[in-house]
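Undergrad: Here's a structure for you.
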Amino acid sequence: MARGISLRNMKNKIIIASGVIILSTLGVVLFSIYQSKQIERELGIARPEVRPAEQPEPGNKLVPARPEDYGMVVIDARASDLTQKDWDTLLSRKIAELKSKVTPEDKDKINGVIKEDPRKTEEKLKKIDAEIQKCEEKLKDDPANPEIREKRQRLMMLKSIGREFP
Amino acid sequence: MNKKGVALILSYMVIMVLTVLGTAFVARSVSENSIAKRYADSERAFWVAEAGLAQAYYNALNNIAQPGASVSFGGGAYSVNTADPSRIAVTGTFGNSSRAVQLSCAFKNTLSVGGNLTLQGFLARAEVYGSTRISGAYSQTGGATAWFQDKQEGVPASQTTIAIPDYNHNGTGNEFGDFVLFGQAAAQSYPADQVVYIQNNGTVNIFPNQSLVGKKIVYVEGSSPGTGNVNIFFDATWQDNQDLTIIATGKITYVEPLQYQANSRLSAISWGDYNEASIFRSQHESVIYTHNNANFVDILEWGSTTGNIIANHDISLREVLTYEKYYYSDDPLAPGFSSLGSAASNLTEPKTGTWQEVSP
């Protein structure tokens with residue numbers, strides 16, 4: 001009877017010991033796998049952050065926009081050159097819009113760039129008038145001269161800006 | 001069960017445990033070896049890429065053609081990708097690993113002149129910082145004076161001009177049709193909300209303002225050469241940190257450039273002439289490309305341009321009543337310029353401060 005109990009005890013001990021050994025082994029194996037993965041992950045983190053090369057987006061469909069939606073003003077190709085009055089009207093409106101939108105800080109920055117003695121501006125406007133006059137004279141002889149017409153237009157724009165700014 | 005039976009079971013179990021443990025350690029050892037090899041290969045691939053980038057950088061600075069095929073180096077190999085002129089990218093490979101590094105490119109010169117550079121006027125004065133490269137010659141008349149930090153005349157056109165790539169695939173590049181498609185390609189390379197596409201044969205007057213904040217490309221497309229002109233007027237209600245390029249199939253005239261915003265740039269690309277005029281002091285940061293002439297005319301007060309100006313034909317400063325100064329900028333290429341094709345790489349060079357590792 002005593003021997004029977006001893007063998008049963010032995011059998012239980014073997015089962016418990018086996019369980020402990022198998023679980024320990026499983027634990028060691030899992031821990032080993034976990035550590036391998038950890039090393040791999042750490043190596044990945046140790047590398048500098050890799051940014052994907054910027055690739056242009058594949059062909060967006062171009063949809064024509066309305067220039068007015070962006071505050072642009074279009075002068076028709078068939079229209080004749082703008083007069084000084086036309087430029088004055090257009091640019092004074094735009095400059096008024098601009099003045100109403102800029103903050104006092106920005107106004108200071110703008111003035112920091114363009115502010116000057118009004119007498120100096122007057123002198124420049126006189127020079128521009130003289131240049132416009134020269135253009136008019138040349139255009140009497142050669143009304144279609146594109147270079148002179150272009151120059152006259154540019155001078156007119158500058159004259160309008162000179163009157164309105166700063 | 002007797003004692004012998006118990007010993008046998010125990011022995012089997014010990015052997016089983018030892019086998020499992022042994023297998024686990026062998027597997028781990030193999031795995032670690034593999035990780036170490038991959039790590040070492042990856043590091044070697046990185047340094048091969050770095051060596052390749054150093055060579056590519058040297059080539060770019062010295063007008064040496066980049067290698068077309070991959071180059072063996074240090075037991076690995078590297079290849080240079082110059083398809084996109086806005087960057088120079090090098091991929092290094094070692095074993096099964098590859099790494100890639102790149103530098104962004106900027107234009108080499110302050111002024112690149114395909115024709116002649118002329119300065120006319122009694123009171124005109126120009127100062128050009130950085131390098132000036134002229135395929136033709138420089139001349140000054142009427143008492144005008146100029147100072148150049150580094151000027152060379154008679155350089156090959158490949159180092160001063162950009163030909164429009166053959167976008168319409170008709171066998172001939174540099175045509176108006178190619179330019180139209182270039183503009184579309186440049187616009188299409190950005191998300192739709194960063195692009196304003198205008199089809200118009202007239203003259204579009206643009207006042208950079210809040211509505212253009214965040215935009216990269218404004219493309220004004222006319223139907224034939226000489227149409228699709230643009231006037232740009234001051235930039236007073238624009239914002240800081242903007243980078244916009246205006247592309248036009250006609251002429252672009254920038255009237256009274258008035259940029260005071262921090263870190264903002266307004267660039268221009270035109271098939272026709274680029275003109276600039278101002279009555280007050282002007283200052284702007286711009287990269288300018290014209291397929292034709294760049295004219296700084298009717299400048300009544302001193303002005304400055306920071307950037308790079310590329311004119312396939314002439315640059316002229318006429319009737320400038322005061323100083324006009326040009327400063328070099330080594331900022332990476334402005335929007336749209338990378339679509340000008342690999343021809344631009346003759347005028348660009350990689351900049352060391354822009355290094356970054358990218359996905360191979």
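The values are calculated or read from the model by the stated rules, or taken from the named source; none is laboratory data. Computed from a prediction, not measured in an experiment: that's the story for all the values here. Virtual Cβ from ideal backbone geometry, glycine too; neighbours counted across all protein chains shown.
Undergrad: In segment B:245-256, how many residues are closer than 22 Å to B:Arg281 by Cα and more than 9 Å from chain A (Cβ to nearest Cβ)? Lay out the reasoning, then the answer.
TA: Step one: list which residues in segment B:245-256 are closer than 22 Å to B:Arg281 by Cα, which gives B:252-256.
Subsequent filtering for residues that are more than 9 Å from chain A (Cβ to nearest Cβ) retains B:252, B:254.
Residues in segment B:245-256 being closer than 22 Å to B:Arg281 by Cα and more than 9 Å from chain A (Cβ to nearest Cβ): 2 in total.
Undergrad: Same structure again: Restricting attention to segment A:14-43, which residues are more than 7 Å from chain B (Cβ to nearest Cβ) and either of a type in the set (D, E, K, R) or touching a Cys at 6+ places or on another chain (Cβ under 9 Å) (or both)? Explain how you work it out, then say what you get.
TA: Taking segment A:14-43 first, the residues more than 7 Å from chain B (Cβ to nearest Cβ) are A:15-17, A:19-20, A:22-24, A:26-27, A:30-31, A:33-35, A:37-38, A:41-42.
Once the filter is applied, which keeps residues that are more than 7 Å from chain B (Cβ to nearest Cβ) and either of a type in the set (D, E, K, R) or touching a Cys at 6+ places or on another chain (Cβ under 9 Å) (or both), segment A:14-43 yields A:Lys37, A:Arg41, A:Glu42.
Undergrad: Need pairs with beta-carbon distance below 6 Å; first residue without any contact (Cβ under 8 Å) to a residue 12 or more places away in the chain and within segment A:133-156, second outside any loop (DSSP other than H, G, I, E, B); sequence gap 6+ or separate chains.
TA: Close Cβ pairs (under 6 Å, with a partner that is outside any loop (DSSP other than H, G, I, E, B)) amount to A:Lys138/A:Ile148; A:Arg154/B:Ala277; A:Arg154/B:Asp298.
Undergrad: Looking at segment B:186-240, what strands (runs of 3 or more DSSP E) fall wholly within it and have at least 1 residues that are modelled with pLDDT under 95 and farther than 24 Å from B:Pro165 by Cα? Can you show your working first?
TA: Working: elements: B:195-199, B:203-206, B:217-221, B:229-233.
Output list reads B:229-233.
Undergrad: So which pairs qualify, if the first residue must be in segment B:175-200 and more than 7 Å from chain A (Cβ to nearest Cβ) and in contact (Cβ under 8 Å) with a residue 40 or more places away in the chain, the second must be among the hydrophobic types (A, V, I, L, M, F, W, C) and assigned to a loop (DSSP other than H, G, I, E, B), the Cβ gap must be under 8 Å, and the two must be at least 6 apart or on different chains?
TA: Here the result reads B:Phe176/B:Trp271; B:Phe179/B:Ile164; B:Phe179/B:Trp271; B:Phe182/B:Ile164, each pair linking segment B:175-200 to a residue that is among the hydrophobic types (A, V, I, L, M, F, W, C) and assigned to a loop (DSSP other than H, G, I, E, B).
Undergrad: Any idea which of (1) over 19 Å from the mean Cα position of the chain (by Cα); (2) part of a strand (DSSP E or B) is the one B:Glu301 doesn't satisfy?
TA: (2)
Undergrad: Take the residues of segment B:334-360 that are part of a loop (DSSP other than H, G, I, E, B) and within 12 Å of chain A (Cβ to nearest Cβ): which is surrounded by the fewest Cβ atoms within 10 Å (Cβ to Cβ)?
TA: Restricting to residues being part of a loop (DSSP other than H, G, I, E, B) and within 12 Å of chain A (Cβ to nearest Cβ), the top hit is B:Ser359.
Undergrad: Assigned to a helix (DSSP H, G or I) and at the interface with chain B (Cβ under 10 Å from one of its Cβ atoms): which single residue out of A:Lys120, A:Lys85 fits that description?
TA: A:Lys120
Undergrad: Starting from residues that are of a type in the set (Gly, Ala, Ser) and out of contact with any Leu (no Cβ under 8 Å at 6 or more places or on another chain), keep the ones in segment B:265-285 and report whichever is nearest to the other protein chains (Cβ to nearest Cβ).
TA: Only one residue tops the list, namely B:Gly272.
Undergrad: Looking at (1) within 11 Å of chain A (Cβ to nearest Cβ); (2) loosely packed, with under 11 Cβ neighbours inside 10 Å; (3) at pLDDT 80 or above, can you tell me which one B:Val17 breaks?
TA: Condition (2) is where B:Val17 drops out.
Undergrad: Only one residue in B:Ala56, B:Ala126 is part of a strand (DSSP E or B) and surrounded by 18 or more Cβ atoms within 10 Å (Cβ to Cβ), so which one is that?
TA: Result of the check over B:Ala56, B:Ala126: B:Ala126.
Undergrad: Hey, can you tell me all the residues within segment B:77-121 that are in a loop (DSSP other than H, G, I, E, B), assigned by TED's automatic domain parsing to the domain that holds B:Ser339 and aliphatic (A, V, I, L, M)?
TA: Scanning segment B:77-121 gives no hits.
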